[in-house]
Structures are given as structure tokens and as C-alpha cells.
Amino acid sequence: MARVGRPGQAIVAVCAVAGLALAGCGSGDIEQTDTSASGGEDCGEFNMAINPWVGYEASAYVVGQLAANELGCDVEYKELKEEIAWQGFGTGEVDVVIENWGHEDLKKKYIEQQATAVEVGPNGNIGIIGWYVPPWLDEEYPEVLDWQNLNDYADEFETSESNGKGQLLDGDPTFVTNDEALVENLDLDFEVVYAGSEAALIQTFRQAEENQDWVIGYFYEPQWFLNEVDLQKVSLPKYTPGCDSDPEEVACDYPKYILDKIASTEFMESGSPAATLVENFEWTNDDQNTVATYIAVDDMEPEDAAEKWIEDNPDKVAAWMP
Amino acid sequence: MTLLSPTRGRRATPSPAPTDAQESGQRRVLALVGVLAAWVVGWALLKGRQNLELAVSTQTDLHRWLLDVRDRVEAARTDNFFLDYVVGGVSSALDGGVEFLQQLFSQPAFPRPVPEIGWLGVVALAVFVAYALAGARIAVLVAVSMLAFGLLGYWEESIDLLIVTGVAVGICVLIGLPLGIWMSRSDRTTAVVTPVLDVMQTMPAFAYLAPLVLFFGIGPASAVVTTLIYALPPLVRISAHGLRSVSPTTLEATTSLGSTSRQLLAKVQLPMARRTVIVGLNQTTMAALSMATIAALIDGPGLGEPVVQALQSLDVGDASVSGLCIVIMAIMLDRATTTASDRASVAARTRENPRVRRAVLAVLGVLALVAVWLSRTYTRFAEFPEDPDLGQPLADAVNSFSGWVIDTFGGLTARFTDLISNGLLNPFESLLAESPWWLMAAVLVAIAYLLAGPRVLAPTVICLAIILGSGLWNDAMKTLAMTLVGTLLVMVLGVVVGVWMARSRTADAAIRPLLDALQTLPPFVYLIPAIALFGPTRFMAIMAAVLYAAPVAIKIVTDGVRAVSPTTVEAAQAAGSSSWQTITKVQLPMARSALVLAANQGLLFVLSMVVIGALVGGGALGFLVINGFAQGEAFGKGLAAGVAITALGVMLDRITVHTAARHGRA
């Protein structure tokens, strides 16, 4: 039994050692070929967190591809949920979160208490959160767009999941939401049902428009999907500063979020040219939607989508470069 | 093919001889009916009272305490000796090891724009190793698979996944084999370790992701540890079993010849149990692969990343192609490990000429060295060429197919969803979740006792107490309702398809590859098109679980029915039974133990999908686990939910295992 195996094993071992030795002495013409940097040879590693929605991906890859192609950084993209990404600031796993939605609790913990992260200022995008309905509803029942009429249509919005009430569809639990409190405090005959992810929300809205189903759900801008299906926002009681201070008593619309950039303290102090790029980066919702549409609708790889936009917008890009 | 998923807590205990089986069976059925009637009456009277419902945003003291512990650990991470040096050391060793291998085989070794060894060299080395360990056919399989990874456009990710899987399995062997040996020699160790293994396999991966990240940070280290936790148990269990079942006569003979216990182990037990140990290794490898997508959520390198990314843009095509790479890798590793275990005996039987083999090995070795050299010298052998690209056309085809399915069946499935939800799921959930907790607990204990006997009383009560203590009783009952409905559907599918496959070789040959693919394909991949069909509902989550669990159940039922002696079946047919009668009166009753085993595995597999199902509307405990992983403030509640799912799983396992032991013997 064992005799057959032995010589084989010996040869494997010899070859493995020889292979490694050969790999070590490595000759060849691809040693350090192209680090086609334009002056930033000391950029080194650059770890970009990718939070789970396509708009974020658009911003992240534009910055990342610029850092890789123009500054010669060794860029790594890391698919992480928001909370998890923040934890990476302290360990050096994550350098930048390029689009942050509020998260006052995280800022307090990581910026004030642990001092592992710093704010790098707004990225130019304005975040809107709210309740949306598919466009066909707006055309046939425009009164749905006012929250005060929602109870009249609660029956229509009922599903097998909503416990005999109307269904208000929410997304990923990570997303910032006051919806349960809102339903309660506005006396709406609705039940919040979690779809679980952005993907599930989008698929549901898409189907609803196609089949003229009654759907109302949590959604947000900037968002590529609005270029495909023009969801309409339902008006909620007007937001006034401080009206959402007590999460259990909220009865007003969401504020407009000034989306900002967060980076690890160490990274910002490292003098990397990528840090300057991150600091200068600022663009509009339309810019982001353009790149996100390339990715999600035209099915381009995020790298290619970002590079296409970079090529088309040399002026904007030039303003960001260190 | 032997793509059985990891065997979970499957320890049939010898059944007591059936005495007065008929009579006591009848009494038990009566008692069961009584319990059910009392339950329904109690539910009707007390509906919605004391059912311990807890709003999503509400937390108990326990949840807040767990959150507080997390914060303290996080704060202490840098100045606590244990966390900084021991955990930190392990973590950076793992990160470093994986990174080293990546730079060697898959990722650019900065400042080189390519890895140290390019694709040609990697393929050649893999083929050489495959030939050495498993023979020519596997070498061909490995070559084709590796080229497929590249042609489908996922070369780097595939090699990354191989690296993470390899490191995790390597550590599994280092820990698992000694543990298995120890268990095979000491009953006390077995008694202590077995429940731990049960928990490791039942605890949903999402539940320990957040705590692991806390200790090991995001990245390869956490990915390896996550994989390790999930993949270790099969190896330990199976190798302990293999060592224990080495014939006692052989052992006695060796001992009487004066062997020391160490010699006994090295010269007799391990070689004789080699095949079984490799079966364990095979199961462990498969389990490790199936963790790939989940590990991507904490920045684990590998094929999980493109799957997760494709889901964000709802790209079923891309998700399927990367999923296909995982399936190919599973088949490759499965075949390679199985063949390696059979290798010696096959070689002996076919009288393979060792001289030829050595010559081929030497040639392949030289070729591999040349390939390594080439791949270090020329860019085209270092970076996998982008043309021809098979991945994109395949992704497009999948996209248009799933579009067609959605357009064609969309309306129909919505009605079906409503029918099942309103007709079956909602009433059942109400019965479980709206009964007062004490009534529900009493009913569960009574049913467990009547089905499985007094031995399950203690575990059932303990598990229920844990669920109660987690503060999530109501959510646990909702999850239990979904799990039971899912298992019911699994069993219907299992019996129908299983019997069909057992009776028709053609059906078997056609369906089995599909089952294998379903078992290895990451569930994320088929969740997305399914959302379009069923909407984000609990039913959708159940369907996902059914797809995941049905293959195991079907395979077990098929084997069980096929094992019914042909003579008995012939006798029945000769006596004039119709096919229907043969199936219902002879084959199924005689395959009863297989049916119970299928139910046991079905239950556990359905339960293990509860968390993934929550991504598409499953709600209850699964949702809380995801919420806890995603939102810092909900950490404690998520962890408690993970514990509750585990308790639910252990309880259901115990009840079905003991039921099987009691009634299973045909």
C-alpha cells in the first residue's frame, strides 16, 4: 500500500523545493514593469471600503482608479458594511469611507473617543431618505403622495407579510431609518416589513411598476435606480431641526444628509498623495448617478465605469489631483 | 458523486427492543392528539397574551449587557496583554500567511505587477500535485477546472478562495486529527466535545461574524477562523468514528505482539482508518468552501466577493458565473480528495506500473518547473489572458433566461405565495407565536416526550430555557414556525423525488447533478431571481431554505428506498400490488429510518438558512442576527438571537435523533 505512495511523495517534495527556489531566483522581464506613477512613487497601500450600495461603489471606484492609475497607489477595495468598515480604521484595514450617511454614534465612538478616524469634509452628494411609490401610482392615484391620505389606501398596500395592515417596505437593517416610529406617531395603519437588502427593495419596485402593484417603501437618493424607474417621493410632515432628536417620538420627514468622507487618522497623517486626493474629492448627485448607471444598468465593471467617467470629465478630475 | 453536505449531529443511538409496540404506539398517538387539542383550545382562549413579543428596536438588559461587553473589549484591544499579543499575534500570523500565499500565486506581489508565480506555473504545479496524489484522471480534471476559472474571468478570486480554503483545512487537520484521536480513546472527551461540535455546526455563521471581527479584525484572519469553526466538526467526528471502528481483533492482535500505544496508533489505527479520515477531510473541505460567500462579508478574499458585489447591482448573470466557479471548485476538490483516499487500493487492483508512474511524475515535474519559469518571465503566462472570455456570454445568457422566467411566471407565483402564506404559514405562525409562552413551552416538552421518550426531556427543557433567557421567545417561535413549514415542504419533495429517483435509474442520472450543484451553489445566487418571483416575503425565505435542504433529504430518501430488499419488493409485486401500493405499503414503511434521518437533516439545513433567508424578507431571529451584524447598537440582541437559533437547532436535532432511534428501525 505504502510503497506506491513513497517515491511520488519524494518527487513532490523535491519539485516543490526546486520550484520555490526557482521562484526565488526569478529572472525575467516583468520585474517591476509598470508603476506608471506621475510623481507619486511613495503612495503605497490605499484601502478603500466599499459599502453595500451601487452609488457608493461609483464614488469609491472613481477615487480608487485615480489613485491607482495616476498616483501609482496599491489600491485595495474592500466590500464591507458601514459599521464593519469603521472598525477597520483602527487596525489599518480601511483607510477611507468615501460616502458616510450621518452615523453620529459612530463618529462619537471612533472620532471622539478612539480617535482612530477623522472627518475629511463633504463629498458633494446630498442624501435624501424617504418613502417612495412607483410612478404608475403617482399617475393614477396622485393623492397617495401625501402622507395624510395613506390610511385611505392601507388596504391596497396589504400583503401576506403585513398582518392585515398596509405594508411599508424597508430595506437593509443597516440603513438609517425612523420608519417604525413614524408609522406609530403619524397614526398610520401600516406595518414596517423589512425586505432585507437594497437589491430586494429595487427588485420589488421594479416588479411593482411592471405589474402595477401597490408598493410603498423606504428609498433614497442619490440612486441609480431612479434613472431606470422614476419613483415618486411621498411627502411627510416637514423636517425642522431637532424634530428627530428623540428616535421614539419622531413624527417628521428625514433631514437632507450632507454626505461626507471619513478616513483613518493614520492615513491622513501619512502624507500619501491619495490623502490629498480624498480631501479634494467632491462631485454632484448627477455625477454619481451617471457612474452608478454604468455599473448597474450597462453592466460595466466598476473599474471600467469609473475610468470612463474620468475620461469624460478631465476638468473635474484635474481639480482633485494633488 | 459524493457531494454530501457536512453531516450534522447524526448519532443514532441503539433503539430499545419494541415491546408492546402496537399498544403503546396507539396510546402515544391518542396522547399526541390530546396535547394538540389542548394547545389549540388554549391558543383560541389566550391568543396574543403573554407571548413575550418584543419590538425590533427594544432591547432587554441582557442585550445591553452584551453590547457593553463588546464596547469594553474593543476599548481594551490595544492595552490588554491577551488581546494584543495572543489574539493579535494569531491574527497577524494568519493574515501574513494568507498574504504570502496570495503574493506567491494570485495577487500582484508589489512592486511586481503580477504574482511571483503566474497562472501557467500555478496550473502546472497543481496538475503535478494532482497526478502525484490522485492519478491521471484527477490531473486532467484539475487542469480543466483551473483553466475554467481563468476563462470564466475569475482567476485571481478562485486562487484566493483555494488559498483561504487550503489554510483553513490545513489548520482543521492540525487541530481536528489529534482531537479525533483523543475522542476515539476517551469516552469522557467525547462526551465533552460532542455538544461543542453540535453548537459549532448549528450556530449560524452570521452570529459569530461580529464577535470574530471584534477579535481578529476584518480580513483574511477572520475569514479563516470563521471557516475553521464551521468546517472543523465533520473532520473530528468522522475521524474519531473511523479510529473507533478499527476492528478490535486487529487491535488485540497487535497489542499482544507487544506494540506500545503509540505504535498501535501510527502503524495500525491511523493507516486502517485512513479512508474514513479522508472522508472527513472531504466533508470539511466542502464545508469550508460553502463558507466562502459569507466570509466575503468580512473582507475574506475569494469568490465570495464577486458574488456579493453582483448582488448589489442585481446582476444574476455575474453572480451565477462566480457561483459556477465555486461549484467547479467543489467538484474538483471533492473528486480529488475522494480519489486520493481510494488511490492506493485502485493502484494495487489495476496493477499500475510504478516505473511508468515515476517517469510521468518526473516529466510532469520538469514541465512544472519550466512553466513556473515561463510564468515568471513572460507577462502572457503570468496574467491570465482576458480573451477568450467565456464568462460574459454566459452571464448574459443567464440574465436573459432569468428575465424570461420572471416575465412568464411573475403573476402566477405571487398568487401562490399568498396562498401558502395565508393558508398555511400565517395560521401556523399565529398558533406558535401567539400562544402564551408557558403554554407553548409545555406543548413542546410534551410533544418531544411523546415522540422521542424521556431521554430528550432534559435537553428540550434546557434549550427552551435558553431561548426564554435570550429574551427572544416570540421571535424564536416565529422562526420555529417557518422552519417547520420549510421542513414539511422539504419532506414532500424528498419523498416524491426520492422515490422517483430510487425507482428509475434515468431519473437518478438526470437529477443527481442538479442536486449536487444546488448543494454547492451559494444560496445568494438563486435568492435574487427568486425575489422577483416571490417578493421579499417569509415564503421566499422558506423557498430558499427548501432549495438548500431538499437535495440532502432527497438523497437520503433515495438511498433508503433503494436499500429495501429487492426480494421483498418482488414479492409484493408478485402478490399483485400496484406501483402505488408497493410504494406506500412496502417501500416507504421499510425505509422509515431513512425518512426520519431525512427529516432530521432537513430540519437542520432549513434552520441553517434562516439567517440567509432574512436577507430576503425572512424576519424574526434571522433578521435580528443580520441586524446585529450590521448595526453596532444591535450587537447584543443579534448575538442573543444567534444563541436562540443554536438552542432551537440543538433541541430539534435531539428530538429527531431520538425519535429516529425509537421508531426508525424498520
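Mind listing whichever residues of the range A:89-123 are in contact (Cβ under 8 Å) with a residue 60 or more places away in the chain and either acidic (Asp, Glu) or facing chain B (nearest Cβ under 8 Å) (or both)?
Matches in the range A:89-123: A:GLY90, A:VAL94, A:ASP95, A:GLU99, A:GLU119.
Among the candidates B:ALA661, B:ALA594, B:ALA630, single out the residue that is crowded, with 24+ Cβ neighbours inside 10 Å and either among the aliphatic types (A, V, I, L, M) or more than 14 Å from chain A (Cβ to nearest Cβ) (or both). Spell out the reasoning first.
Numbers: B:ALA661 fails: crowded, with 24+ Cβ neighbours inside 10 Å; B:ALA630 fails: crowded, with 24+ Cβ neighbours inside 10 Å.
None of the other options fit; the residue is B:ALA594.
So A:GLY164 clears everything in (1) in contact (Cβ under 8 Å) with a residue 40 or more places away in the chain; (2) assigned to a loop (DSSP other than H, G, I, E, B) except one condition, right? Which one?
Going through (1) in contact (Cβ under 8 Å) with a residue 40 or more places away in the chain; (2) assigned to a loop (DSSP other than H, G, I, E, B) one by one, A:GLY164 breaks only (1).
Quick check, is B:ALA273 more than 21 Å from B:ASP160 (Cα to Cα), of a type outside the set (Asp, Glu) and out of contact with any Cys (no Cβ under 8 Å at 6 or more places or on another chain)?
Yes, satisfied.
What number of residues in the range B:567-606 are over 22 Å from B:ILE556 (Cβ atoms), in contact with a helix residue (DSSP H, G or I) (Cβ under 9 Å, 6 or more places away or on another chain) and in a loop (DSSP other than H, G, I, E, B)?
The qualifying residues number 1.
So which residues in the range B:231-284 are within 20 Å of B:LEU174 (Cα to Cα) and among the small types (Gly, Ala, Ser)?
Selection gives B:ALA231, B:SER239, B:ALA240, B:GLY242, B:ALA266, B:ALA273, B:GLY280.
Inspect all residues belonging to the range B:597-615 and state whether any of them is within 31 Å of the chain's Cα centre (by Cα) and more than 28 Å from B:ASN426 (Cβ to Cβ).
Yes - at least one qualifying residue is present in the range B:597-615.
Report those helices (runs of 4 or more DSSP H) wholly inside the range A:272-317 carrying at least 2 residues which are within 17 Å of A:GLU221 (Cβ to Cβ). Step through it out loud before you land on a result.
Numbers: elements: A:273-280, A:285-296, A:302-312.
Output list reads A:285-296.
Here is a yes/no grid of residues against (1) touching a Ser or Thr at 6+ places or on another chain (Cβ under 8 Å); (2) at pLDDT below 90; (3) on the phi < 0 side of the Ramachandran plot; (4) not in a loop (DSSP other than H, G, I, E, B):
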| residue | (1), (2), (3), (4) |
| --- | --- |
| A:GLY196 | no, yes, no, no |
| A:PHE205 | no, no, yes, yes |
| A:GLY217 | yes, no, yes, yes |
| A:LYS233 | no, no, yes, yes |
| A:PHE267 | no, no, yes, yes |
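Can you find even one residue in the range A:138-159 that is closer than 26 Å to A:PRO247 by Cβ, within 9 Å of chain B (Cβ to nearest Cβ) and either surrounded by fewer than 17 Cβ atoms within 10 Å (Cβ to Cβ) or in contact (Cβ under 8 Å) with a residue 60 or more places away in the chain (or both)?
No.
Residue by residue through the range B:624-657, note down the ones that are modelled with pLDDT of 85 or more and not aliphatic (A, V, I, L, M).
B:PHE635, B:GLY636, B:LYS637, B:GLY638, B:GLY642, B:THR646, B:GLY649, B:ASP653, B:ARG654, B:THR656
Regarding the range B:345-367, can at least one residue be identified that is polar (S, T, N, Q) and either modelled with pLDDT of 85 or more or in contact with a Ser or Thr (Cβ under 9 Å, 6 or more places away or on another chain) (or both)?
First, pick out the residues of the range B:345-367 that are polar (S, T, N, Q): B:345, B:350, B:353.
Next, only the ones that are either modelled with pLDDT of 85 or more or in contact with a Ser or Thr (Cβ under 9 Å, 6 or more places away or on another chain) (or both) stay: none.
No, the conditions are met nowhere in the range B:345-367.
Counting just the residues of the range A:176-199 that are more than 9 Å from chain B (Cβ to nearest Cβ) and within 23 Å of the chain's Cα centre (by Cα), which one comes out surrounded by the fewest Cβ atoms within 10 Å (Cβ to Cβ)?
Residues of the range A:176-199 more than 9 Å from chain B (Cβ to nearest Cβ): A:176-179, A:182-191.
Checking which are within 23 Å of the chain's Cα centre (by Cα) leaves us with A:176-179.
Numbers: A:VAL176: 15, A:THR177: 19, A:ASN178: 21, A:ASP179: 22.
Here the answer is A:VAL176.
Find the residue count for the range B:353-390, including only residues that are touching a Phe, Trp or Tyr at 6+ places or on another chain (Cβ under 8 Å) and more than 11 Å from every other protein chain (Cβ to nearest Cβ).
Number satisfying all stated conditions: 1.
When the residues of the range B:37-53 are narrowed to those that are surrounded by fewer than 15 Cβ atoms within 10 Å (Cβ to Cβ) and under 11 Å from B:LEU431 (Cα atoms), which ends up modelled with the lowest pLDDT?
Among them, the one singled out is B:GLY48.
Can you run down the residue pairs with Cβ atoms below 9 Å, 6 or more apart or on separate chains, where the first is in the range A:282-294 and among the hydroxyl-bearing types (Ser, Thr, Tyr) and the partner is modelled with pLDDT under 90 and part of a loop (DSSP other than H, G, I, E, B)?
The qualifying pairs are A:THR284/A:PRO222; A:THR290/A:TRP224; A:THR293/A:TRP224; A:TYR294/A:TRP224; A:TYR294/A:MET300.
Looking at B:ALA614, B:ALA641 in this structure, which one is more than 7 Å from every other protein chain (Cβ to nearest Cβ), surrounded by 24 or more Cβ atoms within 10 Å (Cβ to Cβ) and either out of contact with any helix residue (DSSP H, G or I) (no Cβ under 6 Å at 6 or more places or on another chain) or in a helix (DSSP H, G or I) (or both)?
B:ALA641
Where in the range B:252-317 are there helices (runs of 4 or more DSSP H), lying fully within it, with 2 or more residues that are surrounded by fewer than 20 Cβ atoms within 10 Å (Cβ to Cβ)?
B:274-290
Being touching a residue at least 12 places away in the same chain (Cβ under 8 Å), within 21 Å of B:PRO529 (Cβ to Cβ), part of a helix (DSSP H, G or I) and under 25 Å from the mean Cα position of the chain (by Cα) narrows it down to one of B:GLY498, B:GLY494, B:GLY486, so name that one.
Among B:GLY498, B:GLY494, B:GLY486, only B:GLY486 is touching a residue at least 12 places away in the same chain (Cβ under 8 Å), within 21 Å of B:PRO529 (Cβ to Cβ), part of a helix (DSSP H, G or I) and under 25 Å from the mean Cα position of the chain (by Cα).
Please give the helices (runs of 4 or more DSSP H) falling wholly within the range B:411-476 in which 2 or more residues are touching a residue at least 60 places away in the same chain (Cβ under 8 Å) and away from chain A (no Cβ under 14 Å).
Here the list reads B:437-452, B:457-469.
Matching residues to (1) at positive phi; (2) more than 14 Å from chain A (Cβ to nearest Cβ):
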site	(1), (2)
B:ALA240	no, yes
B:GLY258	yes, yes
B:ARG275	no, no
B:ILE278	no, no
B:MET291	no, yes
B:ILE294	no, no
B:GLU305	no, no
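Return the pair list, or none, for Cβ contacts closer than 7 Å from residues in the range B:142-162 that are touching a residue at least 12 places away in the same chain (Cβ under 8 Å) to residues that are among the acidic types (Asp, Glu) and surrounded by fewer than 23 Cβ atoms within 10 Å (Cβ to Cβ), at least 6 apart or on different chains.
Pairs found: B:GLY153/B:ASP389.
With buried (at least 20 other Cβ atoms within 10 Å of the Cβ), more than 27 Å from B:ALA330 (Cβ to Cβ) and modelled with pLDDT of 85 or more as the only criterion, which of B:MET183, B:MET146 stands out?
That would be B:MET183, the only listed residue that is buried (at least 20 other Cβ atoms within 10 Å of the Cβ), more than 27 Å from B:ALA330 (Cβ to Cβ) and modelled with pLDDT of 85 or more.
Going by the structure shown, is B:ASP334 facing chain A (nearest Cβ under 10 Å) and either over 19 Å from B:ALA395 (Cα atoms) or surrounded by fewer than 24 Cβ atoms within 10 Å (Cβ to Cβ) (or both)? Break it down stepwise before answering.
Details: facing chain A (nearest Cβ under 10 Å): no; either over 19 Å from B:ALA395 (Cα atoms) or surrounded by fewer than 24 Cβ atoms within 10 Å (Cβ to Cβ) (or both): yes.
Considered against the rule, which asks whether it is facing chain A (nearest Cβ under 10 Å) and either over 19 Å from B:ALA395 (Cα atoms) or surrounded by fewer than 24 Cβ atoms within 10 Å (Cβ to Cβ) (or both), B:ASP334 comes out as no.
Would a scan of the range B:67-76 turn up a residue that is of a type outside the set (A, V, I, L, M, F, W, C), more than 12 Å from every other protein chain (Cβ to nearest Cβ), surrounded by 19 or more Cβ atoms within 10 Å (Cβ to Cβ) and closer than 30 Å to A:PRO247 by Cα? Give the derivation first.
Step one: filter the range B:67-76 for residues of a type outside the set (A, V, I, L, M, F, W, C), giving B:68, B:70-72, B:74.
Now narrow it down to the ones that are more than 12 Å from every other protein chain (Cβ to nearest Cβ): B:68, B:72.
Imposing the further condition that a residue be surrounded by 19 or more Cβ atoms within 10 Å (Cβ to Cβ) reduces the set to none.
No, the conditions are met nowhere in the range B:67-76.
For the range B:550-603, enumerate the residues that are closer than 14 Å to B:TRP500 by Cβ, charged (D, E, K, R) and in contact with a Ser or Thr (Cβ under 9 Å, 6 or more places away or on another chain).
none
The values are calculated or read from the model by the stated rules, or taken from the named source; none is laboratory data. For clarity, every value in this text was computed on a predicted model and none was experimentally measured. Note: ideal-geometry Cβ built from the backbone for every residue, glycine included; neighbour counts use all protein chains shown.
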